[in-house]
Every structure is written in structure tokens, then in C-alpha cells.
Amino acid sequence: MASWAALLVLIGQGVGCSENEPADGEDEAVANGTLGSGGSTGNATTGGSGGTGTTSSGSTGAAEAGAGGEGGTPFERPDTPEDYVPVPGDCGFEEPAFCETFEAGPQDGGRSGELDPTRFSVARGMPYSPSSFDDAFRLGPALIGECRADHAHTRVLPDDDVLVCDPLDTIPTRHAYAVAAAQNYGLSTYRIRQPFDWEGRTGTIQLDIDLTNNGLGGWPALVIAEDPSPTPSFDWQERGSGPRNGVSIEFGTGWCNTPQTLETIVYTFEDYVQTSYIPSFDCEIPHATTAPDSLNHVIVYLSDEHLEVWVSDVSPDGVSFPNLQLLWEGDVPLSFSRGYVSLALRNHATMKYWLGSAATLRFDNFGFDGPKVTGYREYSAPDSLTSYSGLPGCAPDAGACEWEGDVIASHPDEEGRVSCAESVCSYEGEGRNVGYTIPNLVEVEQDGVAPVALDFSGVDLTDMTRARLVLGATYPWFEWNEVFPPPTELALHYRVNGGDWHERHISEAEANAFTDFFPEIGGAGAGAGFLNQAIDLPLDELVTGDNRIELLAANTWTGTYRVAVTGVDLVLDDR
């Protein structure tokens, strides 16, 4: 249907907005979940038909249906189950390499909320450059729905924004419930710490997930990345970098202008260069049905050359999952065969478009097959969790100032939105920073500002041969007083346990993430947004036990706009 292609173009024309605010051109055409997280224009390989993907340079990468590229591992799909029924502890596999069913209940997960911190790493934020030290990925509260008898229909703040909930009428078991309150291209990610290995075979990932989506609000994505990337996103429109190498399956696009339906968009990344596989948006391609607080079953099959995405229609009871069908397939060459699996919950702008205080997600029975990889250990730096006061508010019906998230819930219609826009005020509520603003070298040397110190406790170095500092970073890369060097001028300095300082510049590969992937929209896609970095550390500078890593930035030229980081992990392995 030609109108879909036109709508993608309309979304791309939202230019002239501030760095962290969506353009008004991203309009009600997608407000009912009928258009999602677009990128370049190009035809997807959907439902078994061939197509192309558009790279940042405008060339196309084939994504033809088939059995794997020449020289790669032949794609051999296991028998797809006709009648999937969740079974406790197996996540749809006879012998899973990883399986999480959340039946152990809420955990004291720190940055991982109520998820098991030994199994999941959670990161939060949005792509913008802070201009003060007390502004480091500010997240307001989020309203949650049903969860547990003692914890429902209330506000949550990080790190209490990812929960393990009791059964619902539509989900008969305990399950994860997460919210992403970060507005304007915000996201929260839930990365499985155990690596996924599909070398020499076709690997399988399965999960049950609420696939309700809205292109101006929120939607989930499944990301497979070579590195343990904390904040994988894409450009345009989410203004973020993908992983260095990987593939992102975005469940953010409705079918044929019909609410509560789903198509998929796929992005691949090679040295951060993005290739976009956009659906054709005609009404003949397969689609799935969705419903809030209800689950679909998703199966992903991949080899080093080919990818398939199977999705059921929405389950009425969390037990039966009807009409499991192939929604996307294509030859997608991957340069790696061991990596990390993440769920990403995106929040394009739920409050701006009057859709809610946050994007929400329920998921369960999350697992993958293959050899069970060992020989790795991970440790997370805590979120900063410094408080700030002052939330967006308004005074509907000429009453008292209220938090805008509450007003959206109580006045969800257009009249409520207009009334709020005409009565803006600052509500004295609490939000929290989750990241860290990194001081510049000159501020440390001349003004005595302390570097950011990140602590990792209980580190075990036994048999480990590699150490990496993994983080999501925003770098202030834009013209300032006619100064605009290449991104490779920017650097982080780090030291381990009070030792020598090391300088780590943006690499040539990372500089690819700063490319304007869609210059036709007037420059709004320039910059890396969130840059996913994995920085090699000197293993001999770490110690068994407690470690401190300090950070400062160098070579910025943008006044008080500084580098900021979030979702920082220390990742060890024996590779």
C-alpha cells in the first residue's frame, strides 16, 4: 500500500527539533501503533519473500530468502512446534543452554531491579549530552499496572522499574514487567549475561512477550550482538548507535493501518554501519495480532548467514499461542557466531504524544539453545540514583499542578492533552539520574573536579584472560563556535585502582556510528546518540576483590556539554 512508504517519508521530515525532543512531524499517522521505528526506505524480506536493505551509504544489501550464503553455515531450521505450550523450566527447549522463567520471584538485583543480577544486566537512558554534573540521564517516575497484591497501580523509579509479577488472568505464571520512563528516544535494556553460541549450526532463541507497540510511544526489540552492548539502538529515528556488530529485530510496526497488529523491521550492523530492512507495508504480508498485558510467542532462528523470525498471534490465556507463523526471513550475513542476547524496550516519546508515563513490557520463558558457554564473569557498576526535583506538570480543569504522567492517565483523550498544554507548570516530584556526567581533563587539572569513580566489588580473576569495560556513552559531537573536529578526536581517560591513566580515543570503527545515516532528512540523524563501547582494560591492573575504575573525558570543544555514561559493566572472559 503506497501510503505506508509516504508515511515513512513524513516521519523522516521531522527536522529542526532540539537534540533530545522528537519532531512534531512524527505525527498521529502512527499513534495507534500502525507505524514504527523507521529508518531508510527499502523493501524487507518478509514472510518468505525476497528484498533488499539500505545501508548508510545508500547501497543495498540483499536479503533474499534462502538457505544461507555461499561459504557460510547451512541454515537448518529445527522443527517449528505446531502447538507451543509453556512448560516450567524449559523455555520451549528439550535442553536449553539458558532459560529464565522468573518463578524464583523478585530478587535484590540492584541495577537489575528485581531480576537476578547474576543472569541479567539492565541499562537505562536516552541519547543526549548533559550540560551540568547534576544531569546524567534523568528519568522521571513511571506508572505501573497490575503486578503483585502489595505493588500495583503506583509510581516506580529506577532501579525499582523492572519487576517480577504474580500471575494475571492472561499470564498464568510469574513473569517480568519492565518500564522505560526515559523520554525522547529513551530505552531500557535487559541483557542476558550468558553468551549465546551458534557456531557451525542454526541457533534458536525463544520467549513469550507482550508485543503491543506504538511507533510514537514504545515497543520491544530483540538484539543479538557480538559485544555485551548495554544500549543498542538505531538511526533514524531513535538517534542511537547499534552494537558494533549485530542484528536488531524491532517489534514496532503495525500492519495495514490496523491497531493491535505487528510486523517486524530488521537492522544489521557491521562495525556500526547500519543496514535497514524496512517492510513493504502492503496488506498482503503476514502479521500477528497483539493485546496489552498479553503474550505472543516468538522464535528466532539464525545462522551466520540467515535469519528467521516466527511470531504467534496473541495468547488469550498465556497457555495457548495460536497461529505461529513466519513474519520475517532473509540472508543476513553475520561476522560472529557467539554473542549476547538483549531485550530492548524503546520509548520514542510516550508523554509528548499523550500515550502514558512510560513504555511498558511483560515477558516470560526467555531462553536459547546451544552449548552452555562458561568461562565468563561480569560485574555491574551501580546506577548513580541521585535525585532531582521538578517534573513536567500541568493544571487540568484549572485545578492544582499535577504530574503530567498522572494527568495522561486521568485525562487520556485529546481534550485532556490540549488542557494540559494550556496549563503547563512544574510539579514538585522526584526523578532520578541513572548515569554519570564525566568531567573534562581541564576541569580535573585546573578546577580540582574529581574524576567519576566506578566501583566493582567481589571480582574474581581466576582463569580470566580478557577484561573489558562496557558502557553506553553520549559524546557531544556537534559544531561549536565553528569548531567541529572528527569524532576520533574525542577520548575517555581511565585508570584502574589508582594506577596510570590510559587514553582511549573514539576508534575508526566507532566513528562510523557518528555517520548521518539519512542526510535527506536534514542532519537530524547525525551523531552517535548512544555509543555502545567495549573498552579493553589491562588485566594485570585489576585485582581479585574490590576494584575502582575512574573516568574523565578529553578533547571536547562544546563548552559545558560533556560526555555521559550509563549501564557500565566489567566483563571478564577466557577468550
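Please determine whether any residue of region 219-230 is in a loop (DSSP other than H, G, I, E, B), surrounded by fewer than 23 Cβ atoms within 10 Å (Cβ to Cβ), in the same structural domain as residue 364 (by TED's automatic domain parsing) and in contact with a strand residue (DSSP E or B) (Cβ under 8 Å, 6 or more places away or on another chain). There is at least one residue in region 219-230 that is in a loop (DSSP other than H, G, I, E, B), surrounded by fewer than 23 Cβ atoms within 10 Å (Cβ to Cβ), in the same structural domain as residue 364 (by TED's automatic domain parsing) and in contact with a strand residue (DSSP E or B) (Cβ under 8 Å, 6 or more places away or on another chain).
Residues in region 121-140 that are buried (at least 24 other Cβ atoms within 10 Å of the Cβ) and not in a strand (DSSP E or B): 126, 127, 128, 136, 137, 140. For region 83-99, the set of residues classified as surrounded by 18 or more Cβ atoms within 10 Å (Cβ to Cβ) and among the aliphatic types (A, V, I, L, M) consists of 97 only. When the residues of region 199-258 are filtered to those that are modelled with pLDDT of 95 or more and among the aromatic types (Phe, Trp, Tyr), the one that is nearest to residue 333 (Cα to Cα) is 251. Could you tell me whether residue 467 is among the hydrophobic types (A, V, I, L, M, F, W, C), more than 29 Å from residue 183 (Cβ to Cβ), loosely packed, with under 15 Cβ neighbours inside 10 Å and in contact with a Pro (Cβ under 8 Å, 6 or more places away or on another chain)? So residue 467 does not fit the description; no.
Looking at region 329-340, can you tell me whether even one residue there is farther than 25 Å from residue 159 by Cβ, assigned to a loop (DSSP other than H, G, I, E, B) and touching a Pro at 6+ places or on another chain (Cβ under 9 Å)? No, region 329-340 contains no residue that is farther than 25 Å from residue 159 by Cβ, assigned to a loop (DSSP other than H, G, I, E, B) and touching a Pro at 6+ places or on another chain (Cβ under 9 Å).
Only one entry in 395, 381 is modelled with pLDDT of 95 or more and under 25 Å from residue 145 (Cα atoms), namely 395. Based on what the data block shows, is residue 317 touching a Pro at 6+ places or on another chain (Cβ under 9 Å) and in a loop (DSSP other than H, G, I, E, B)? Answer is yes for this residue. The residue pairs whose first member lies in region 553-575 and is under 30 Å from residue 483 (Cα atoms) and in contact (Cβ under 8 Å) with a residue 24 or more places away in the chain, whose second member is surrounded by fewer than 23 Cβ atoms within 10 Å (Cβ to Cβ) and among the β-branched types (Val, Ile, Thr), and whose beta carbons are closer than 6 Å, counting only pairs six or more residues apart or on different chains, are 557/483.
Among the residues of this structure, residue 356 does not count as one that is in contact with a strand residue (DSSP E or B) (Cβ under 8 Å, 6 or more places away or on another chain), small (Gly, Ala, Ser) and not in a loop (DSSP other than H, G, I, E, B). Pull up region 427-455, narrow it to residues that are among the polar types (S, T, N, Q) and surrounded by 12 or more Cβ atoms within 10 Å (Cβ to Cβ), then point me to the one that is farthest from residue 569 (Cα to Cα). Per the criteria, the residue is 440.
Per the listing 341, 311, 332, 300, the residue uniquely within 24 Å of residue 75 (Cα to Cα), among the hydrophobic types (A, V, I, L, M, F, W, C) and surrounded by fewer than 22 Cβ atoms within 10 Å (Cβ to Cβ) is 300.
Selection of region 341-353 for residues being among the small types (Gly, Ala, Ser) and assigned to a strand (DSSP E or B) yields 342, 344. Scanning region 75-118 for residues that are within 24 Å of residue 304 (Cβ to Cβ) and without any contact (Cβ under 8 Å) to a residue 40 or more places away in the chain returns 79, 94.
Which one is nearest to the chain's Cα centre (by Cα) among residues in region 409-433 that are of a type outside the set (D, E, K, R) and in a helix (DSSP H, G or I)? Only one residue fits best here, namely 409.
Within region 478-497, residues that are not assigned by TED's automatic domain parsing to the domain that holds residue 454 have Cβ atoms under 8 Å from residues that are of a type in the set (Lys, Arg) and at pLDDT below 95 in no pair, counting only partners at least 6 apart in sequence or on another chain. Summed over region 360-411, the residues that are in contact with a Phe, Trp or Tyr (Cβ under 7 Å, 6 or more places away or on another chain), under 28 Å from residue 202 (Cβ atoms) and surrounded by fewer than 24 Cβ atoms within 10 Å (Cβ to Cβ) give a count of 2. Just one of the listed residues (463, 413, 406, 455) is closer than 20 Å to residue 355 by Cβ, among the acidic types (Asp, Glu) and in contact (Cβ under 8 Å) with a residue 60 or more places away in the chain, and it is 406. Scanning region 325-367 for residues that are more than 19 Å from the chain's Cα centre (by Cα) and more than 17 Å from residue 210 (Cβ to Cβ) yields a count of 16.
The values are calculated or read from the model by the stated rules, or taken from the named source; none is laboratory data. What you see is a predicted model; the values in this text were computed from it and never measured. Quick reminder, even Gly has a Cβ in these numbers, built from the backbone with ideal geometry, and neighbours come from all protein chains shown.
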